[in-house]
Amino acid sequence: MGELWSRVLQNYPYVFALALFAIGIYTILTHSNLFKKVIGINIMEGSTYILFIAAGNVRGGVAPILDMGDPGLVYVHPLPQALMLTGIVVSVSVTALSLALITKLYRFYGTVDAKEIMKIRSEVRANAGRD
Amino acid sequence: MPGAISENLAVLIVVALLSTAYIMPLLTKIGRFRVAEFFAVFMLALALSGGVYLAREILHNGAFTYAVGGWPAPWGIELSLDAVSGLFLITVGLVATPILLYASVDLVQDVGSRSRAAWFLTLFLLLVAALCGLGITGDLFNIYVMVEVATIASCAIVAAQNDATSVEATFKYLMLATIGSGFVLLAIGFLFVLTGNLNMNFIAQELAASWQNYPTALWVSLSFFMVGFGVKSALFPLHVWLPDAHSSAIAPSSAMLSSLAIKGYIIALLKVFYVAVGAEIITRLPITNILAVLGMLAIIAGALFALAQDELKRRLAFSTVSQVGYIFLGIGLGNIQGLTGSFMHILSHAITKALLFLAAGSIIKRTGKTRISEMAGVGFEMPVTLGVFAVGSLSMIGIPLFSGFVSKWQLLLGSLARGNYLSVIVLVGGSLLAAAYLLPVLRTAFFERPVQNPVVTEMAYVQLVAMLFLAVVILMVGVSPGVVLQLAKQAAMTLLGLEVLP
C-alpha cells in the first residue's frame with residue numbers, strides 16, 4: 001500500500017489530469033444548462049493537455065531551444081507541447097460550434113436548459129400526434 | 001499516370017479534397033452553384049478513381065508506406081497504405097459520389113439558400129477528406145485530428161436543415177462525440193507515455209518488447225479507445241445520440257453519416273487495436289471478447305428497437321445500430337474469416353444503408369409521409385424508388401446474390417471456426433429480425449391499395465441514377481465478390497500479421 005501511495009504522489013499530474021477528466025464528463029452529463037455542458041467540455045479537454053504536457057516534462061528541463069554553448073542542458077520533450085497546440089485548436093473549434101448551436105437553440109426554444117427543451121419537444125410531439 | 005502524381009497519390013487524395021472544399025462558396029459566389037456542385041462531384045469521382053488505383057497497386061505489389069513531406073517515420077507523419085486503406089478508400093468513394101450526386105438536385109431547397117448549400121458542399125468534402133485520411137494514416141495523433149475533423153463536419157451536416165429538431169439532435173451528438181474524442185485523446189496520451197511514440201508501427205515494436213511490464217496501463221488505454229470510438233461509432237449501449245441525429249437530418253446527410261461517418265471510426269479502432277497494439281497482444285486480452293459480446297447485444301437490441309419504430313428514418317437509424325453490431329462481432333471474433341466479414345460488412349452496409357436512406361428520403365420528400373403505416377401503395381406511385389429500396393432491404397437481410405450475404409456468410413464462417421455457436425444463433429436471429437423490420441415497409445408499399453389515386457411522381461432522373469448505381473453495386477458485389485472479397489481477406493490478413501502474398 002505504501003509503495004502505491006508514493007508512486008501516486010510521484011505521478012501527481014496524471015492523477016490530477018484523470019480527476020479533472022472525470023469532473024469534466026460529470027459536468028457534461030449531469031448539468032442541464034447547455035453553457036455548463038460546454039464548460040464541462042473545456043475542463044475535460046484541459047485535463048488531456050495536463051496529461052500530455054506532464055508526459056513531456058523533464059524535471060529541471062528547459063525550453064527545447066538548442067543552446068550550443070551549454071552541452072549539459074536538459075530539454076523538455078517538445079512534441080507533446082506541439083500536439084497540445086493542435087488539441088487547443090480543436091477544442092476551440094468544438095467550443096465555437098457548440099456555442100453557435102446554443103444560440104440557434106435559444107432562438108428556436110427560448111431557453112438554454114436541456115430539460116426545458118425536452119419538455120417543449122415532447123409537447124410539440126404530443127400536439128402533432130393529436131392533429 | 002504521371003510519376004509525380006502516382007507516387008504522391010495517397011496524400012494527394014486528402015489534400016485535393018481538403019483544398020477544394022474551401023473554394024465551394026467562392027465558386028458559388030463568382031460563378032453558378034451548379035458549377036460548384038459539378039466540381040464537388042467531380043472531385044469525389046477523382047478520389048474514387050485514385051482509391052481504386054491505390055487498391056490495385058496494393059493488391060499487386062503489396063502494402064507500402066508514404067512519408068509526408070519527405071520526413072521519415074519517427075520524425076514525420078507516415079501514411080501506411082495497406083489493404084485496409086485500399087478497401088476503405090474504395091468504400092468512401094463508391095458511396096460518397098452517388099450521395100452527393102443525389103443531394104445536388106434539391107440541395108438549395110433542402111438547406112434554405114444557395115450560400116448555405118455551398119457551405120454544405122464544403123462540409124461534405126471535408127468529411128470525405130477526413131474519412132480518407134482515417135483510412136490511410138499510420139500515426140495516432142493524425143487519427144485524432146482526422147477524427148475531430150470528421151466529427152465537426154458530420155455534426156454540421158446534421159444541422160444543415162436548420163430546424164429545431166435537427167439542431168437539438170446535433171447538440172446532443174456534439175456533446176457525446178466530444179466525450180468520445182476526449183477518451184480517444186486520453187488513450188493516445190497513455191500509449192504515448194508508455195511507448196514514447198505516435199507512429200503505429202513503432203508503438204507495435206515497443207509494446208511487443210515490453211507490454212508485460214505494464215499490462216494494466218495498456219488495458220486502461222485500450223478500454224478508453226473502445227469507449228471513445230464506441231461512442232462515435234454507436235456501439236450498442238453508447239448509441240443514444242444516433243437515432244435522433246440520423247433521422248432528423250436531410251436525406252443525403254443521413255445517408256452519409258449512417259453509411260460512412262461511423263465506419264471511419266471503426267477503421268480507426270481496428271488500426272489502433274491490430275496495427276498499433278498488434279494482433280499478438282490484443283487476442284490475448286479479454287477486450288476482443290467484450291467487443292464480441294457488445295456486438296451481439298447490439299445486433300439483437302438494435303433490431304428490436306428498430307421493430308418498435310413506425311417512423312421510417314428512425315427505423316433505418318436503429319437498423320444501423322444493429323448492423324454496426326455485426327462489424328464489432330467480426331472484430332471480436334478476431335480470426336481471419338471474422339475480420340474479412342467485418343471488412344465486407346463495412347463495405348456492404350455502407351452501400352446498402354446509403355441506398356436505403358436515399359430511397360426513404362425520396363419517399364418522404366415526395367409524399368410528405370414519414371410513418372410506415374401511412375405509406376400504403378407508395379410502391380405504385382414511385383416504382384423505381386421502392387424497387388431499389390427492395391434491393392437494399394434484401395441485401396440488409398442477407399439474401400444470397402446481394403452484397404449483405406457475402407459479409408454475413410464470412411461472419412458465420414468466422415463464428416463456426418471459433419466454435420462460437422451463440423454468435424451463429426445471433427447472426428441468424430439478426431437477419432430474421434432485419435427481415436421483420438424491413439419487409440413490412442415493402443408490404444405496405446406494394447401490397448396495400450393507396451387511399452387516394454396516385455398523385456406523386458418519381459424523383460428527378462439524376463437522383464434515380466444515383467440510387468440505381470448503388471443498387472447495381474450491391475448486386476455486383478453480391479453476385480461476384482471476387483476482387484473486393486480478396487481485398488477484404490488481404491486486409492484481415494494484414495491486421496492479423498499474416499504473410500500476404502502479392
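When the listed pairs B:Lys313/B:Lys353; A:Lys119/B:Lys232; A:Lys37/B:Lys263 are checked against a 19 Å cut-off, the alpha-carbon distance exceeds it for A:Lys119/B:Lys232; A:Lys37/B:Lys263.
Distance between the pseudo-spin-label points of B:Asp310 and B:Ala4 (7 Å out from Cα toward the beta carbon): 6.3 nm.
Just the Kirkwood number for segment B:305-502, please: inverse of mean 1/r across all distinct Cα pairs, in Å, one decimal. Result for segment B:305-502, one decimal place: 17.4 Å.
In this rough spin-label picture, where each label sits 7 Å from Cα along the Cβ direction, the A:Ile120-B:Val479 distance is 5.4 nm.
Across segment A:1-37, the residues whose backbone nitrogen lies under 15 Å from the label position 7 Å along the beta-carbon direction of B:Ser223 are A:22. For A:Lys115, the aspartates and glutamates whose Cα falls under 18 Å of its own Cα, not counting residues fewer than eight places away in the same chain, are A:Glu123, B:Glu168, B:Asp244.
Return the whole-Å distance between the Cα centroid of segment B:53-104 and the Cα centroid of segment B:194-232. Distance between centres, Cα-based: 24 Å.
Using a simple spin-label model with pseudo-atoms 7 Å out from Cα toward Cβ, B:Asn213 and A:Asn33 lie 4.8 nm apart. Which listed residue (A:Val92, B:Thr444, B:Ala234) has the Cα farthest towards the positive end of the charge dipole for the protein assembly as shown, taking +1 on Lys and Arg C-beta and -1 on Asp and Glu C-beta about the Cα centre? In the protein assembly as shown, that residue is B:Thr444. Given a 1.4 Å probe, how much area per residue of chain B is accessible, in Å²? That works out to 33 Å² per residue.
Heavy-atom surface analysis with a 1.4 Å probe gives segment B:1-113 a carbon and sulfur content of 68 percent of its accessible area. Estimated translational diffusion coefficient (Stokes-Einstein, Kirkwood radius over Cα pairs, 10 °C, 1.306 mPa s) of the protein assembly as shown: 63 µm² per second. Using R0 = 51 Å, the C-beta based FRET efficiency linking B:Ile425 and A:Asp67 works out to 0.15. Note on segment B:305-502: with neighbouring protein chains present and a 1.4 Å probe, carbon and sulfur make up 69 percent of its accessible heavy-atom surface.
Pairwise over distinct Cα atoms, reciprocal of the mean inverse distance: report the Kirkwood radius of chain B in Å, one decimal place. Kirkwood hydrodynamic radius for chain B: 22.5 Å.
Of the trypsin sites (Lys or Arg not before Pro) found in segment A:6-101, the ones in coil according to DSSP and having at most 12 other Cβ atoms within 10 Å of their Cβ are A:Arg59. Here the Kirkwood formula, the inverse mean of 1/r across different C-alpha pairs, assigns chain A a hydrodynamic radius of 18.3 Å. Assuming R0 = 56 Å, what is the FRET efficiency of B:Val35 and B:Arg449, from their Cβ-Cβ distance, to the nearest 0.05? The calculated FRET efficiency here is 0.80. Within 10 Å of the Cβ of each residue in B:165-174, the mean number of Cβ atoms contributed by other protein chains is 5. Accessible surface ranking for A:Leu9, A:Leu34, B:Leu48, 1.4 angstrom probe, highest first: A:Leu9, B:Leu48, A:Leu34.
The values are calculated or read from the model by the stated rules, or taken from the named source; none is laboratory data. Note that the structure is a prediction, hence the values are computed from the model and not measured. Glycine also receives a Cβ, built like all others from the backbone with ideal geometry; neighbour counts cover every protein chain displayed. Calculation scope for accessible area: heavy atoms of the full protein, side chains included, ligands and nucleic acids excluded. Shrake-Rupley method; radii C 1.70, N 1.55, O 1.52, S 1.80 Å.
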